[in-house]
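Down below is the structure, laid out as structure tokens.
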Protein chains: 2
Amino acid sequence: MAKAAKTAITPTRTENYPEWYQQVVRAADLAENSPVRGCMVIKPWGCALWENMQHVLDGMFKATGHKNAYFPLFIPKRFLEKEAEHVEGFAKECAVVTHHRLEAGPDGGLVPAGELEEPLIVRPTSEMIIGDAFSRWIESYRDLPLLINQWANVVRWEMRTRLFLRTSEFLWQEGHTAHATEEEAREHTIRMLNVYADFARDTMAMPVLTGEKTAAERFPGAVKTYCIEGMMQDRKALQAGTSHFLGQNFSKAQDIVYIDENGDRLHAWTTSWGVSTRLIGGLIMTHADDDGLVLPPRLAPVHVVIMPITFKSDEPDKIINYCHKLADDLRVQAFHGRHIEVEIDDRDMRGGEKSWSWVKKGVPVRVEVGPRDMAADSVFVARRDLSPKEKQGIPRSEFIANLTSMLEEIQQGLHDRALSFREENTHTIDSETDFRDFFTSPAGEPTPIHGGFALTHFCGDSELEKKIKDELGVTVRCIPLEGGEPGTCPFTGQPSEQRLVWAKSY
Amino acid sequence: MAKAAKTAITPTRTENYPEWYQQVVRAADLAENSPVRGCMVIKPWGCALWENMQHVLDGMFKATGHKNAYFPLFIPKRFLEKEAEHVEGFAKECAVVTHHRLEAGPDGGLVPAGELEEPLIVRPTSEMIIGDAFSRWIESYRDLPLLINQWANVVRWEMRTRLFLRTSEFLWQEGHTAHATEEEAREHTIRMLNVYADFARDTMAMPVLTGEKTAAERFPGAVKTYCIEGMMQDRKALQAGTSHFLGQNFSKAQDIVYIDENGDRLHAWTTSWGVSTRLIGGLIMTHADDDGLVLPPRLAPVHVVIMPITFKSDEPDKIINYCHKLADDLRVQAFHGRHIEVEIDDRDMRGGEKSWSWVKKGVPVRVEVGPRDMAADSVFVARRDLSPKEKQGIPRSEFIANLTSMLEEIQQGLHDRALSFREENTHTIDSETDFRDFFTSPAGEPTPIHGGFALTHFCGDSELEKKIKDELGVTVRCIPLEGGEPGTCPFTGQPSEQRLVWAKSY
């Protein structure tokens, strides 16, 4: 208990990782559970974070030629039924609209009325409704490639939910593209996978592996599914984004046809890809610590919080004015396409409590200005990536001049720390015994140790893959795109084309 | 028929206004009907327009102290039932989710399964779900005012729909605020109404009247509803945004309570306000003409389209390079917080057809560059607010230097034209006969004439108001905020406090 008192979040990561996660979300005021089963309320701090992610991603999608559009929330049941694997994958967990009004029931309360001739499904993903539009929009090869993105809410009925990581309703973007040739569609699938990897690394400071999913983990209806996978601080993997090569499965199911240069009618080749508010869960589990959220500066809704320390002063207004002037001098600066966002917190509360509230929210730089700082024309600066006790007096002008490089250093430092952590916890494993040991928590640990990433050969047997999942809770996270040397499967002794990445996962 | 050939849109506004509207939406490629009853697909050009509106409005909301959050799509039935008038207003037209999966039915197709214990309503508006959060978030007077905005999709089951103007699903923002005092909440209601009016005037170039709704047109559950009303080119009114003072109706129904400075538990005072993709319908009907859409530059997804005319040239690449250089010189300029957006259209198609495609999309400035223009270092410029035939050769440097003032002139010109139109069609009417004549279309007109805005006294009798609506299709659009002189109701001879604005409406 003595230890717990030293951190802002209890329990700590090592004490109880899942509970630590919930407490970080709560302490940073990111989101909360709602009274609607499985649906969350995204609170202002979480919403600002998502908007910053959206802004950067949207720019990346536009730079790769996509345009945004918006398609209906509802999908008629007959549309979903068009692609057999697709409906099989989503029918078990979807919200079904069956009526279009409420009317007074026999016991006074309201009951559903106006039954629909055909039930409508609240979109779990939009292949079937966007494909329908594509079948109308595409006539000739001149209409290809068609590159569309949608920002939307989707619903997948989840029985066990966790804020940001798994919720019945979530916000996402879904890209949908159609191409004249198989090669171009395959290239585009990989291009968008790389956009996600670049975003994760450069903007979220979250290193990810890119690779292909095995058949067992493929998107329902896809020919190939690719993913980005990050390692969380409990050494479990998080699938943070997927990109699907759909082949002609959906274009055949939905009649997405074009006339080529020779006048022949051909089915288009399609792709789809998406990232969601789950990214916020990944961000938390990559960077947050036992004092709460830690935000990479490129995504932080507030870069710098300035706290005037006025309780010892005869002239509190002077200090507050000094802080406002400082804020003005910072706000004119730019950092990765945004102005520096500064918040002045002059709430009437204890200084320690106030400062901790910003630690827990993950703001990259905290500044305190008291009477002596003002007299010396300096500021007292704390960085969220360092210990809360490491505060430093810096001349005001120097702080202003160096702020953007300090933010850049924080951004890079968070990335490098996460990358080192992943590298330390990634092991080449060549025997079944070592594999089992790696993923089995030692007796006496207070919280389960999830091993990490195992780079292990595999013969590709789906039955065996399922057995390993059932026994150890370990899955193939991805087949790395860069390939690797052939070898021998430690489970069967059969030949293996390359090592795969295995881990426990969210 | 000879006449129709001269315009890009047939029929023209005077020939068939409702059909003209549909054709403008189609010709500008803004949106289309989907196979899902009453739901539209917002195509890239329409989506870009909405995003530009969002961007400006979002800045205005943040400047007035609001933060964005996101709340669940679904509202449990018992929540909706908490406020009697509210549920009465929305129960007749809502999408009801009753099941959470599909399973194979007796005849092979899928049928809804997993019936919910309590039906969920797809939000028609979010007072009941946001109020629930407010009841948890608000504890003391220090938590007030609470100023929240949400960007979301909502569903109201509509039997007769029209693209943008009335659809079952639409995109909107809904502001929800809670205040400690009645006075502050009333002031905030009017503040946000004025934000809408400023946005309509300054950004959409759409002049609007602001006023209060009569009881008959009030939001279900509100104490007072205020609105902005624009006059469309068929002289009908469009309600383009509303702001509601909710009093304590919702805070009492939902237990939104705070502890004041004296330790007393008091109900908060709440407001809500919203604008939607309906604004795009208003934009079209305010500015579009018989050649298609006309976009105010502050909202245009593309400010300038450059069309290289290469078919007569031996060196087409030189012309295309010249155009790219011109685009670069324009793009570095800013116009109302955005960079100048330039599109180079070098599609291989007839020049006339190409130019008309941009006329129909409403792009403010079209530029053509042929071999002779390039030789003279000049460009051939056409403005969307002038006749398609008025094209003008301008030296390149002069065009670059004057572009932003040209855009400003177009923006202002569109506003002034719309304002003049409204003023010409707004009449002070003091007798019942004149009132009836004003709203009765003369015999022999090819399309109904809808009169315009009548400024007419009224005693306030709700029965009479309903009778006028039933007989003439005319309603009180608003009770102007600025008030007016008292007078006599021409229908009853009873006293009237001020003239009201009457019109037919969408």
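Derivation of every value follows stated rules applied to the coordinates shown; laboratory data play no part. Predicted model, so just to flag it, every value in this text is computed and none were measured. Because the Cβ atoms are built from the backbone with ideal geometry, glycine has one as well, and the counts that use them run over all protein chains shown.
Using Cβ point charges alone (K and R +1, D and E -1), the dipole size of chain A about the Cα centre works out to roughly 1040 debye. In segment B:4-287, the DSSP beta bridges split such that about 95 percent are antiparallel, to the nearest 5.
Let me know the whole percent of all Cα-Cα pairs from the protein assembly as shown that are separated by more than 38 Å.
Details: 276690 of 511566 pairs.
So the pairs more than 38 Å apart make up 54 percent of the total in the protein assembly as shown.
Take B:E343, push a point 7 Å out from Cα through the beta-carbon direction, and compare it with the same point in every other copy: 4.0 nm, smallest first.
Here's how it looks for A:V379: its modeled amide H is under 5 Å from those of A:I394, A:R396, which are all 5 or more places away or on a different chain. Name all residues of segment A:109-148 having a backbone nitrogen under 18 Å from the label point set 7 Å from the Cα of A:L266 along its Cα→Cβ direction, giving them as ranges. Answer for segment A:109-148: A:135, A:138-147. Taking the fewest neighbouring Cβ atoms within 10 Å as the starting point, the ordered list for A:F250, B:F439 is B:F439, A:F250. Remark: B:T475, B:T404, B:T286 ranked as B:T404, B:T475, B:T286, counting other beta-carbon atoms within 10 Å and listing the fewest first.
Angle of helix A:351-361 to the longest C-alpha principal axis of chain A, folded into 0 to 90 degrees and rounded to 10: 20°. Helix A:396-424 and the longest principal axis of the C-alpha atoms of chain A enclose an angle of approximately 50°. For chain A, averaging the sequence separation of C-alpha pairs within contact (under 8 Å, six or more residues apart) and dividing by the residue count gives a relative contact order of 14 percent. In sequence order, segment B:69-86 has phi-based couplings of 9, 9, 10, x, 5, 9, 10, x, 4, 5, 5, 4, 6, 5, 10, 4, 5, 4 Hz under the Karplus curve 6.51 cos²θ - 1.76 cosθ + 1.60, θ = phi - 60°, and Gly or Pro positions carry x. Ranking B:L147, B:P486, B:V379 by how far each Cα lies toward the positive end of the dipole of chain B (charges on Cβ) leaves B:V379 at the top. Distances from B:G59 to the same position in the other copies: list them in nm, one decimal, shortest first, using label points 7 Å from Cα along Cα→Cβ. In ascending order, 1.6 nm. Neighbour counting of Cβ atoms within 10 Å sorts the residues A:H244, B:H179, fewest neighbours leading, into B:H179, A:H244.
Between this copy and the others, label points of B:R78 are 3.9 nm apart in ascending order, each placed 7 angstrom from Cα in the Cβ direction. Listed by chain and number, the lysines placed with their C-alpha closer than 27 angstrom to that of A:K354 are A:K3, A:K6, A:K43, A:K312, A:K318, A:K325, A:K389, A:K391, B:K62, B:K67; residues fewer than eight positions away on the same chain are left out. Across peptide A:40-50, the average count of Cβ atoms from other chains found within 10 Å of a residue's Cβ is 5. Evaluated with a Cβ-only charge set (Lys, Arg +1; Asp, Glu -1), the protein assembly as shown carries a dipole of roughly 200 debye about its Cα centre, given to the nearest 20. Kirkwood radius and radius of gyration were both taken over the C-alpha atoms of segment A:160-246, and their ratio Rg/Rh is 0.98. Against chain B, whose longest principal axis comes from its Cα atoms, helix B:462-472 is set at around 30 degrees. Reducing segment B:116-179 and segment B:456-506 to their Cα centroids gives an inter-centroid distance of 31 Å. Here r is the Cβ-Cβ distance between B:E409 and B:D377 and R0 is 25 Å; the resulting FRET efficiency, rounded to 0.05, is 0.60.
With a ≥ b ≥ c the root eigenvalues of the C-alpha gyration tensor of segment B:4-287, is it rounded (a/c under 1.5), prolate (a/b larger than b/c) or oblate?
oblate
Shape summary of segment B:304-409, radius of gyration then Dmax from alpha carbon positions: 12.9, 40 Å. When both segment A:411-433 and segment A:359-373 are represented by their alpha-carbon centers, they are found 32 Å apart. Inter-chain neighbour count for B:206-213: the average number of beta-carbon atoms from partner chains within 10 Å of each residue's beta-carbon is 0. Judged by the gyration tensor of its Cα atoms, with axes a ≥ b ≥ c, segment B:33-81 is oblate; a/c meets the 1.5 cut and b/c is at least as large as a/b.
Taking label points 7 Å from Cα along the Cα-to-Cβ direction, B:K62 and A:T64 give a separation of 2.6 nm.
Seen from A:R383, the other residues with C-beta closer than 14 Å to its C-beta sum to a net charge of -2, counting Lys and Arg as +1 and Asp and Glu as -1. Spelling out what I want: for every residue of segment A:39-46, take phi, set θ = phi - 60°, compute 6.51 cos²θ - 1.76 cosθ + 1.60 (Karplus), and round to whole Hz; glycine and proline get x. Karplus-based 3J(HN,Hα) across segment A:39-46 equals 9, 9, 9, 8, 7, x, 5, x Hz. A helix-only calculation puts chain A at -10000 deg cm²/dmol for mean residue ellipticity at 222 nm, using -39500 (n - 2.57) for each DSSP H run of at least four residues, averaged over all residues.
A straight Cα-to-Cα reach below 18 Å connects A:K469 with the lysines A:K213, A:K236, A:K504, residues fewer than 8 places away in its own chain not being considered. Convex hull volume of the C-alpha atoms in segment A:25-178, normalised per residue: 153 Å³.
Comparing Cα centroids, segment A:276-342 and segment B:215-230 end up 40 angstrom apart.
Spin-label model, B:D317/A:N194: points 7 Å from Cα along the beta carbon direction are separated by 2.6 nm. Anisotropy class assigned to segment A:223-288 is prolate, per the alpha carbon gyration tensor with a/c at or over the 1.5 cut-off and a/b larger than b/c.
Remark: mean inter-chain Cβ contacts per residue of A:251-262 equal 0, using a 10 Å Cβ-Cβ cutoff to other protein chain atoms. Pairwise alpha-carbon distances in segment B:426-503 exceed 19 Å for 31% of all pairs. Taking amide H as placed 1.01 Å from N in the peptide plane, A:Q333 has its amide H under 5 Å from the amide H of A:I340, each at least 5 places away in sequence or on another chain. Of all DSSP beta bridges confined to segment A:426-503, the antiparallel ones make up roughly 75%.
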